[in-house]
1. May I ask you to list the residues in segment A:26-37 that are surrounded by fewer than 18 Cβ atoms within 10 Å (Cβ to Cβ) and either among the aromatic types (Phe, Trp, Tyr) or in contact with a helix residue (DSSP H, G or I) (Cβ under 8 Å, 6 or more places away or on another chain) (or both)?
2. Here is a check on your reading of the model: is A:LYS71 without any contact (Cβ under 8 Å) to a residue 12 or more places away in the chain and within 13 Å of ligand 2 (Cβ to nearest atom)?
3. Suppose we filter segment A:360-378 for residues that are surrounded by fewer than 20 Cβ atoms within 10 Å (Cβ to Cβ) and aromatic (Phe, Trp, Tyr); how many remain?
4. Which of the following residues is more than 15 Å from ligand 1 (Cβ to nearest atom), within 11 Å of chain B (Cβ to nearest Cβ) and among the hydroxyl-bearing types (Ser, Thr, Tyr): A:SER116, A:SER101?
5. Note down all Cβ pairs under 7 Å where the first residue falls in segment A:91-102 and is near ligand 2 (Cβ under 10 Å from one of its atoms), the second is open to solvent by 10 Å² or more (accessible area, probe 1.4 Å) and among the aromatic types (Phe, Trp, Tyr), and they're at least six residues apart or on different chains.
6. Can you tell which of A:CYS88, A:CYS49 is closer than 26 Å to B:ALA163 by Cα, buried (at least 23 other Cβ atoms within 10 Å of the Cβ), within 16 Å of ligand 2 (Cβ to nearest atom) and away from every other protein chain (no Cβ under 11 Å)?
7. Of the conditions (1) open to solvent by less than 60 Å² (accessible area, probe 1.4 Å); (2) within 23 Å of the chain's Cα centre (by Cα), A:ILE164 satisfies every one except a single condition; which number is it?
8. Just to be sure I understand the filter: pairs with C-beta atoms under 9 Å, separated by 6 or more residues or on different chains, first member in segment A:148-166 and under 14 Å from A:ILE193 (Cα atoms), second member of a type in the set (Phe, Trp, Tyr). Which pairs pass?
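The values are calculated or read from the model by the stated rules, or taken from the named source; none is laboratory data. If you're wondering where the values come from, they're calculated on a predicted model, not measured in any experiment. Virtual Cβ from ideal backbone geometry, glycine too; neighbours counted across all protein chains shown. For the accessible areas, the whole protein counts, side chains as well, though only heavy atoms, and no ligand, DNA or RNA atoms are used. Shrake-Rupley method; radii C 1.70, N 1.55, O 1.52, S 1.80 Å.
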Amino acid sequence: MIDEYRAVDEEIPNFELKKLFDREANWLAVPLEVSLKYCTNCKTCDKACHIYLSSKKEIYKPTYRAKILKKLKKQNKNSNLIELAYRCNLCMRCKLFCPLSLENGLIAREIRKFFSQEFGIAPKALHEGTVKQLNTGYHTGLSVDGFKNIVKFMEEDIAERFGIEVKIPVDKKRAEILLINNAGDFFSRIECIESFVVIFEKAGLDWTLSSKGDAVNYGLWYDDFQYLRIVERHLEIARELDVEKIVVGECGHAHKALIPVESEIKRESYLPLLWKLVKELELDPEKNNFPVTLHDPCNIVRKLGIVEPQRKILKKVCSKFIEMNPNGIYNYCCGGGGGLAVIDSMRDFRIKVSTKMKFEQIMNALKNFPKKYVCAPCSNCKRVISEISEEIVCVGVVDLVANALIFD
Amino acid sequence: MIKPICPWIQPIYSENYEQQKFLEIIFFRKLFLHNKFLWSLSYPFHIGVYLFILWSILHIISVHLMHLEIEAIFYAAVSLILFFGSLLLLYRLFTSLEESINLVIILSITTLGILAEGFLLFIFHLIIFSFLLFIFLTKLSHFLLFFGKVKKSFKVNFEKWNAPHIRYDR
Ligand code: SF4
Ligand code: SF4
């Protein structure tokens with residue numbers, strides 16, 4: 001046992017890692033090999049990893065997994081290897097610091113993939129999530145009727161909160177924009193979707209929601225096959241509705257999963273679009289007159305390079321925007337990246353280890369204020385950050401924009 | 001049909017990727033920013049290697065641009081840099097055996113190189129050069145990473161993996 005936490009509960013059989021390095025079987029064999037072979041052991045990545053920084057444990061070093069993996073290249077039975085792979089947020093901050101840009105995060109991800117694709121061993125929350133999503137369209141198993149009820153509820157709630165009547169477009173054919181969101185938001189952060197509705201309606205966009213599926217793709221974190229199947233499903237929904245483009249809502253990993261793929265269907269992040277709308281809409285920043293800081297989700301910022309739009313938006317809609325340090329591509333992961341946010345058994349690990357650096361950052365940025373408002377443009381980040389402390393109030397970029405809107 | 005591109009192996013976002021790569025090769029930017037101690041030890045060594053390679057190239061194309069004495073002085077200077085550079089880096093004896101062996105070899109050849117003159121100097125030069133060629137085969141060839149291109153699109157091979165869900169028909 002490497003530590004007191006557990007991500008998977010299955011028994012690990014004997015395994016041979018050969019497949020992981022077989023170029024026929026694994027299309028990521030080359031970067032994996034390169035990352036194992038060329039590490040010069042300079043330890044620069046140690047200074048990047050929030051998990052190591054907050055715990056100072058040898059086993060949480062970015063290079064530790066590589067060391068074990070090299071030893072195990074031959075046959076072995078080692079149940080620790082898979083657990084080690086789930087002590088990483090796949091945030092790629094170590095890659096940013098590494099002089100050779102080696103991929104220690106990828107090593108963790110490939111170990112997860114090996115166990116999932118070879119033995120079907122993965123944390124339940126992740127695998128059940130992908131299976132449910134492939135069956136119903138939602139990783140939470142939401143049905144089409146359930147979805148329609150939620151839409152009705154949203155319409156009523158918007159009338160109450162904003163005083164406007166809206167008809168939310170669902171499965172509208174040939175719309176310009178198909179907005180996809182994290183299904184978790186439909187249950188626990190419905191105000192986020194409502195904000196989208198209010199902004200899009202106010203701006204008069206030609207858009208639609210889909211009842212066929214949400215944006216989540218847990219496959220990204222642990223399994224190529226599930227990942228690809230879900231990507232295909234997302235694109236299929238867009239094809240059926242014959243929309244012009246998919247806009248990915250407030251969900252970081254959905255950005256990373258869907259946007260880099262090559263396809264005839266256009267896909268983009270909601271942030272540049274929102275910035276365009278914010279420039280046109282009538283807004284009152286005094287409505288958000290509390291100090292608020294911005295968390296940068298690794299998937300959107302470091303991995304996709306969307307850094308400026310959210311800052312420009314916040315400067316425009318909040319009267320007291322405060323940057324945390326470090327920020328932008330140098331941000332620390334919230335502590336829930338790489339699926340750790342949704343694995344319930346890893347809650348203690350999140351609280352005691354992985355969220356610590358983020359907590360410190362937030363406290364430093366907002367130390368003089370009793371309530372810590374953190375704007376996090378990602379569903380999983382919001383979930384994890386609000387778990388850290390009761391003082392912290394987590395909001396999305398869309399929430400702040402919707403709150404600043406002026407209605408006649 | 002979608003053409004999947006690996007979401008994992010794209011370069012990490014930077015405004016000026018090419019320019020930063022250049023800064024990385026010439027100044028070891030990331031090491032300087034995040035690990036100054038190691039930078040101060042490894043930078044002299046690498047500069048020595050760069051100068052040496054430049055010098056060798058001049059030799060190979062037989063351009064005796066300079067007077068023989070100046071050339072000898074230059075060579076001695078490069079050797080000195082390499083010598084002290086490898087000496088500095090040798091603290092890594094404690095961290096990596098393979099690299100240390102390479103360093104010790106460079107160290108001994110440069111020591112002899114500093115002492116040598118004339119024809120002997122030329123011979124030592126050749127030895128170092130062939131040795132540099134040899135270490136390209138070891139881990140020290142890490143510089144190649146800056147020039148490699150990663151294949152981006154991929155295909156998953158259903159036949160090769162055994163987990164039940166790989167073949168499950170949704
Ligand atoms: S990807 Fe992030 S969490 Fe994982 S080893 Fe690197 S810095 Fe640490
Ligand atoms: S920074 Fe890169 S080369 Fe240095 S120890 Fe980490 S992975 Fe290895």
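1. Passing the criteria: A:ALA29, A:GLU33, A:LYS37.
2. When the stated conditions are applied, A:LYS71 does not pass them.
3. Looking only at that region, the number is 1.
4. Going through A:SER116, A:SER101 in turn, the sole match is A:SER116.
5. A:PRO99/B:PHE28; A:LEU100/A:TYR38; A:LEU102/A:TYR38
6. Checking each option against the conditions leaves just A:CYS88.
7. (2)
8. These pairs meet every condition: A:ILE150/A:PHE186; A:ILE150/A:PHE187; A:MET154/A:PHE186; A:PHE162/A:PHE407.
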